[in-house]
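K.L.:
Quick one: the structure is below, questions incoming.
The values are calculated or read from the model by the stated rules, or taken from the named source; none is laboratory data. Keep in mind that this is a model prediction, so the values were computed, not measured. Heads up, the Cβs are rebuilt from the backbone with ideal geometry, glycines too, and the neighbour counts pull from every protein chain shown.
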Amino acid sequence: MDAGEFANGGVPQHVAIIMDGNGRWASARGLKRGAGHRQGAEAVKRTIEAAASRGIRYLTLFSFSSENWKRPEDEVLDLMGLLRFYLAHEVDFLRQHDVRFRSIGDRCGLSADIVALIEKTERSTALNRGLTLIVALNYGARAEIAAAARRLAERVERGELRAGEIDEAQLGHALETRDIPDPDMIIRTSGEQRISNFLLWQAAYAEFVFVDTLWPDFSARDLDHAIHEFGRRERRFGAVGR
C-alpha cells in the first residue's frame, strides 16, 4: 500500500512510536528478554520500509529511555550490544531506502564507541532525502525540556535574550527537535496507554493510537490501521470543528 491508497490522503507527515512489548513477546515463548529485543529490531526495519513507502516523512522511535538504565544489567548490556550491531551493519539498509538517520537524547550517558557509531551513521546518511529516522536514545522528555530551559537561562545571563522574550517559539527552538515538525501521530504498541516521558512538548496536538500488538509482531498492516485511524479524526488544534 502507498500514500495514494489512503482515504482523503490522510497520511501523517511525522509518526512517532513507543515500541513496547519486547519482553512480553519473549516471555510468552519461553525465551529470554534479549530474544524479544532482537526480534524488535527486525520490526524496526519492517516499519522503516513501510513508513517510507507510505509517504511518511519523519519516523521517531523511542528506542531507549533515560529510565531504562534501571533494568537488569544483563538486559541493558544486551540492548547496547544490539544497538552497536545495527549502527555498524545497517548503514547500507538506510542508504538503500534513502533514509536519513538522526538521534536525540543525552549522548553523555552512552559509551564513547556508541556515540562514535551514531555520529558516523548521521554523517553517512546526511545527504539522503527520503524518510528521516529519528531514534531516541537515552532520552527523557522532562530532561530535554529542562536542558532547553537551561540554554535559554544561559542566554539571558549572557545578555543575548531578555527573560520577557522567552515564549513557546523560543523554548521550542531550544529543544533537540527544533528543526523537526511535531509528530502528527504517536503510536504505542502492546496495549499500554501512557506516554512514558516521550516527546511531552512536541506531542501537544498529536493524535494517539494505542494498539494491542506487541512490538516484535508490529507489521505494515498495523501501521496501515493506525494511519486509517488517523485519517478518520478531525484535527482542530483548539478551534471549532466542522
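K.L.:
Identify, please: which residue in region 133-188 is among the hydrophobic types (A, V, I, L, M, F, W, C) and in a strand (DSSP E or B) and is, among those, surrounded by the most Cβ atoms within 10 Å (Cβ to Cβ)?
P.N.:
Top of the filtered list is Ile187.
K.L.:
Has region 101-108 got any residue that is more than 18 Å from the chain's Cα centre (by Cα), modelled with pLDDT under 95 and surrounded by fewer than 17 Cβ atoms within 10 Å (Cβ to Cβ)? Spell out how you get there, then give the answer.
P.N.:
Narrowing region 101-108 to residues more than 18 Å from the chain's Cα centre (by Cα): 108.
In the following step, the residues that additionally are modelled with pLDDT under 95 were identified as 108.
With the extra rule that they be surrounded by fewer than 17 Cβ atoms within 10 Å (Cβ to Cβ), the set shrinks to 108.
Within region 101-108, one or more residues are more than 18 Å from the chain's Cα centre (by Cα), modelled with pLDDT under 95 and surrounded by fewer than 17 Cβ atoms within 10 Å (Cβ to Cβ).
K.L.:
Can you name the residue in region 1-22 that is assigned to a loop (DSSP other than H, G, I, E, B), of a type outside the set (Phe, Trp, Tyr) and surrounded by fewer than 20 Cβ atoms within 10 Å (Cβ to Cβ) and is also modelled with the highest pLDDT among such residues?
P.N.:
As a first pass, look at region 1-22 and keep what is assigned to a loop (DSSP other than H, G, I, E, B): 1-2, 6, 10-13, 19-21.
Right, trim to of a type outside the set (Phe, Trp, Tyr) and you get 1-2, 10-13, 19-21.
Then keep just the ones that are surrounded by fewer than 20 Cβ atoms within 10 Å (Cβ to Cβ); that gives 1-2, 10, 13.
Working: Met1: 45, Asp2: 49, Gly10: 81, Gln13: 97.
Checking each candidate, the answer is Gln13.
K.L.:
List the number of the failed condition for Phe64; all other conditions in (1) of a type outside the set (Val, Ile, Thr); (2) at positive phi; (3) part of a strand (DSSP E or B) hold.
P.N.:
Checking Phe64 against (1) of a type outside the set (Val, Ile, Thr); (2) at positive phi; (3) part of a strand (DSSP E or B), the one that fails is (2).
K.L.:
I would also like to ask the following. When region 35-61 is examined, which residues are found to be of a type outside the set (A, V, I, L, M, F, W, C) and not in a helix (DSSP H, G or I)?
P.N.:
Arg54, Gly55, Arg57, Tyr58, Thr60 - these are the residues of region 35-61 that are of a type outside the set (A, V, I, L, M, F, W, C) and not in a helix (DSSP H, G or I).
K.L.:
Can you find, within region 23-34, the residue that is farthest from Arg221 (Cα to Cα) among those that are buried (at least 18 other Cβ atoms within 10 Å of the Cβ) and at pLDDT 95 or above?
P.N.:
That would be Ala26.
K.L.:
Cβ contacts < 8 Å: first residue assigned to a helix (DSSP H, G or I), restricted to region 74-88; second residue surrounded by 18 or more Cβ atoms within 10 Å (Cβ to Cβ) and hydroxyl-bearing (Ser, Thr, Tyr), any location; separation 6+ or different chain. Result?
P.N.:
Leu83/Ser63; Leu87/Thr121
K.L.:
Whether any residue in region 100-115 is closer than 30 Å to His228 by Cα and either among the charged types (D, E, K, R) or not assigned by TED's automatic domain parsing to the domain that holds Val15 (or both) is what I want to check.
P.N.:
Yes, there is a match, as at least one residue in region 100-115 is closer than 30 Å to His228 by Cα and either among the charged types (D, E, K, R) or not assigned by TED's automatic domain parsing to the domain that holds Val15 (or both).
K.L.:
Which of the following residues is free of Cβ contacts under 8 Å to residues at least 24 places away in the same chain and within 27 Å of Met19 (Cβ to Cβ): Arg194, Arg151, Arg235?
P.N.:
On inspection, the qualifying residue turns out to be Arg194.
K.L.:
With respect to Glu90, determine if the residue is surrounded by fewer than 20 Cβ atoms within 10 Å (Cβ to Cβ) and under 24 Å from Asn22 (Cα atoms).
P.N.:
yes
K.L.:
Please go through (1) within 19 Å of the chain's Cα centre (by Cα); (2) farther than 22 Å from Ile104 by Cβ for Ile186 and return the number of the only condition it doesn't satisfy.
P.N.:
For Ile186, the exception is condition (2).
K.L.:
Can you confirm whether region 217-227 contains a residue that is over 18 Å from Ile17 (Cα atoms), part of a helix (DSSP H, G or I) and in contact (Cβ under 8 Å) with a residue 12 or more places away in the chain?
P.N.:
Start the filter on region 217-227 by keeping residues that are over 18 Å from Ile17 (Cα atoms), which leaves none.
Among the residues of region 217-227, not one is over 18 Å from Ile17 (Cα atoms), part of a helix (DSSP H, G or I) and in contact (Cβ under 8 Å) with a residue 12 or more places away in the chain, which makes the answer no.
K.L.:
Name the pairs whose Cβ atoms lie under 6 Å apart, with the first residue in region 1-25 and at positive phi, the second modelled with pLDDT of 95 or more and polar (S, T, N, Q), and 6 or more positions between them or separate chains?
P.N.:
Sorted first by the residue in region 1-25, then by its partner, the pairs are Gly21/Thr189; Gly21/Ser190.
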